[in-house]
Amino acid sequence: MILPCLFVAPSHNKGRGVFTSEPIRPDVVIEISPVIVMSREERFFLDKTLLHDYIFEWGNEKDQCCMALGYVPMYNHSYQANCDYEMDFENNVIRIKTLRNIAYGEELMINYNGTWNDSKPVWFDKK
């Protein structure tokens with residue numbers, strides 16, 4: 001499920017990103033994306049490819065990884081994200097939910113650290 005108002009478009013200095021064509025309230029689930037779960041061994045090979053930047057650690061023990069379908073791989077990172085994601089290991093889905101009011105045309109961002117306001121540097125950020 002992806003809200004019909006979401007779309008992918010160029011993002012300033014970030015390639016592409018997810019945007020909205022209408023305002024969205026806080027606490028709205030804007031996407032439920034199925035995932036493809038892969039093993040630790042498969043992740044070893046994925047980490048040697050461009051897909052490394054698009055996979056998530058997966059499972060209670062983080063001993064697997066997954067590739068989300070839908071728009072999930074297109075959400076850009078922010079240390080003060082306006083959306084959060086929830087991993088549902090039982091149903092093999094990732095949910096994206098708004099954290100605050102989102103304006104028309106605004107880019108929807110998640111924090112790649114897993115918590116919307118976690119300021120720990122991510123792998124590509126040379127703070």
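Worth a mention:
- Per principal axis, descending, Cα span of the chain in whole Å: 42, 35, 24
- Separation between Cα centres of segment 1-37 and segment 61-127, rounded to whole Å: 11 Å
- Within straight-line cross-link reach of Lys97, aspartates and glutamates at Cα separation under 14 Å, skipping those fewer than 8 residues along the same chain: Asp27, Glu31, Asp84, Glu86, Asp88, Glu107
- Net charge dipole size for the chain [Lys, Arg +1 and Asp, Glu -1 on Cβ; Debye, nearest 20]: 400 debye
The numbers here are math on the coordinates, done by the rules we state, and not lab data. Remember, predicted model here, so these are calculated numbers, not experimental data. Cβ: placed from backbone, ideal geometry, glycine included. Neighbour counts: every protein chain shown.
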